[in-house]
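Notes follow the structure.
The values are calculated or read from the model by the stated rules, or taken from the named source; none is laboratory data. Bear in mind the structure is a predicted one, so any value in this text is a computation, not a measurement. Cβ sites come from the backbone with ideal geometry, for glycine too, and all protein chains shown count toward neighbours. Just the protein is used for accessible areas: all its heavy atoms, side chains included, with ligands, DNA and RNA removed. Shrake-Rupley method; radii C 1.70, N 1.55, O 1.52, S 1.80 Å.
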Amino acid sequence: MLDRLSPELAELPYIDELREVLTRRMKTEPGGKYIDMEYPDVNDNPISLSSVVNNPDNRYVLVDFWATWCGGCVEKIPQLIEIYAKYHEKGLEIYGLSVDLYHKEWEAYLEAKHITWVNVCDGSGGGKENSQVWYDYALFGIPTTLLIDCQSGEIIYRDGSDLDAKLAELFQE
C-alpha cells in the first residue's frame, strides 16, 4: 500500500519509519515465527519465551502483553483465567509479559487475582522507546495477544475475535 503513494507523499519523513514498523509487524502476524525474549518473574528469575515454547508439556503458548494500569488488559484477565483453567492440562501455557513500571503493584495484582501462569515484567511502562519487545513485536498498544504453536514456533493467532473458539478448535485435534 505504501508503494502506491504519490511521489510527494512517499517522500514525507515518516513514511520510511512507517514502512519499517509495518515490515516488523508483518513478521509477528500469523504465519510468522515468534521472537524470543527473556524477562524476570516476580522472584527476579529470568524466564525466556523459548523455554516455555520448548517445554514438552506445552502444545501452545499464549503470549499476553499487558499491564495492571491498562483497562482493556484488566478486563481481559477473567477470560484468560477461564481459558487457562480449561486448556492448561491439555497443553496450553500463558506467558504474560507485563510492561508495568512498578513491580510491587504488578506482583500484588498477580497475587490478588491468583494468576498462576508464567508472568514476567519488562519494566518499560509501556513506552515503545523503552522496550525491546515493543520494538521486536511492533506493538501498537496493549492488550495484545499472540498464540504460538510449540511444534513449529509459528504464530497462529494475533488479537482475533474469539480466542476460546480458536483454542477449542485446536484442542479437538
Which one of these does T116 not meet: (1) open to solvent by 20 Å² or more (accessible area, probe 1.4 Å); (2) of a type in the set (V, I, T); (3) under 13 Å from the mean Cα position of the chain (by Cα)?
(3)
What number of residues within the stretch 84-100 satisfy the criterion of being within 16 Å of T116 (Cα to Cα), surrounded by 19 or more Cβ atoms within 10 Å (Cβ to Cβ) and of a type outside the set (F, W, Y)?
6
If I ask for residues that are in contact with an Asp or Glu (Cβ under 8 Å, 6 or more places away or on another chain) and of a type in the set (V, I, T), which ones from the stretch 44-70 would you list?
I47, V52, V61, T68
So, V61, is that one in contact with a helix residue (DSSP H, G or I) (Cβ under 6 Å, 6 or more places away or on another chain) and on the phi < 0 side of the Ramachandran plot or not?
yes
Close pairs (8 angstrom Cβ cut-off, 6 or more residues apart or separate chains): more than 24 Å from D36 (Cα to Cα) in the stretch 151-173, of a type in the set (S, T, Y) anywhere
F171/Y87
If I ask for residues that are among the small types (G, A, S) and either under 12 Å from L163 (Cα atoms) or under 15 Å from the mean Cα position of the chain (by Cα) (or both), which ones from the stretch 63-94 would you list?
A67, G72
